[in-house]
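To keep things clear, I will list the structure first and then write my remarks on it.
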Amino acid sequence: MVALALIRHGDYLKRADTPSALQPYPLTAQGEEDVREQARRFGEWLTASGYRLNAEIHCSTLLRAWQTAEIFREELATLFTEPAFSRSFPALCERSVGALANLDVKEIERIVALDPRLAPLPKGWKSASHFRLPFDGAESLLEAGERVAAHLSTLLATHRDNRLQLVVGHGASIRHACYHLDIIPFSDIKRLSMFHGHPVVYTRHPHGWNRLYGNWKQRQTADPLD
């Protein structure tokens, strides 16, 4: 069965206090450098592991994820089964806030307050797993995770030994997907985060999952939602 390398995009030029969702901005220069270093370290492990990379790198449609995938493609070029390429999938995007995409939290809350049909947003709504904004196209974090998990499940159906699939996405939707796939418990969704550009590699066996490479980031109280 194929192993999955789950990778959070590199640091990018994000808008402050704004749900990451569909922000269209590129990686920072430091973000690119950090991803490149992570890819090189991963390549050292990969060379010794016996795994070969599937040529098709899966990433979300957002620029920061595609750029991260391309850096991995460049740095690990000799470790793919054939010439590699990055392919973007909407299913791997971060949680959508729908019609309120790319507005900051203050503006979102102001818009809700202007609508007499809507109740005030609950405290901590931005990071609440079950909460969905009451606007067209919005989804909860759990719904986003379910979408990502469905995509990952199609990859797990590939029965090729010693193959590894690179998947570049977004921290919150990946963690919620890992909950849906029984990789982590629900309580770990908020306790854990992901390092930028750092692969966490899992393989599934009949009784659960084995982590082969990488570490989760232990979230600190002051850390923003990723």
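The values are calculated or read from the model by the stated rules, or taken from the named source; none is laboratory data. In this text the structure is predicted, and so the values were computed from the model without any measurement. Quick reminder, even Gly has a Cβ in these numbers, built from the backbone with ideal geometry, and neighbours come from all protein chains shown. Areas reflect the complete protein model, heavy atoms only, side chains present, ligands, DNA and RNA absent. Shrake-Rupley method; radii C 1.70, N 1.55, O 1.52, S 1.80 Å.
Taken over the stretch 176-220, the residue count meeting the criterion of being modelled with pLDDT under 95, in a strand (DSSP E or B) and open to solvent by 40 Å² or more (accessible area, probe 1.4 Å) is 3.
If you scan the stretch 106-153, which residues turn out to be in a helix (DSSP H, G or I), in contact with an Asp or Glu (Cβ under 9 Å, 6 or more places away or on another chain) and either polar (S, T, N, Q) or loosely packed, with under 15 Cβ neighbours inside 10 Å (or both)? Within the stretch 106-153, just K106 meets the criteria. Mind listing just one residue for me: the one in the stretch 8-66 that is aliphatic (A, V, I, L, M) and open to solvent by 50 Å² or more (accessible area, probe 1.4 Å) and, of those, farthest from I108 (Cα to Cα)? The extreme case among them is A48.
Can you tell me which residue in the stretch 76-105 is surrounded by the most Cβ atoms within 10 Å (Cβ to Cβ), limited to those that are over 20 Å from the mean Cα position of the chain (by Cα) and not in a loop (DSSP other than H, G, I, E, B)? Within the stretch 76-105, the match that is surrounded by the most Cβ atoms within 10 Å (Cβ to Cβ) is L100. Take the stretch 1-58 and flag every residue that is out of contact with any helix residue (DSSP H, G or I) (no Cβ under 8 Å at 6 or more places or on another chain) and either among the basic types (K, R) or part of a strand (DSSP E or B) (or both). Scanning the stretch 1-58 gives A3, K14, R15, R41, E56. Among the residues of this structure, Y25 counts as one that is aromatic (F, W, Y) and within 26 Å of S140 (Cα to Cα). Listed by first and then second residue, the pairs linking a residue in the stretch 107-130 that is without any contact (Cβ under 8 Å) to a residue 24 or more places away in the chain to a residue that is among the acidic types (D, E), with Cβ atoms under 7 Å apart and 6 or more places separating them unless they lie on different chains, are L121/E109.
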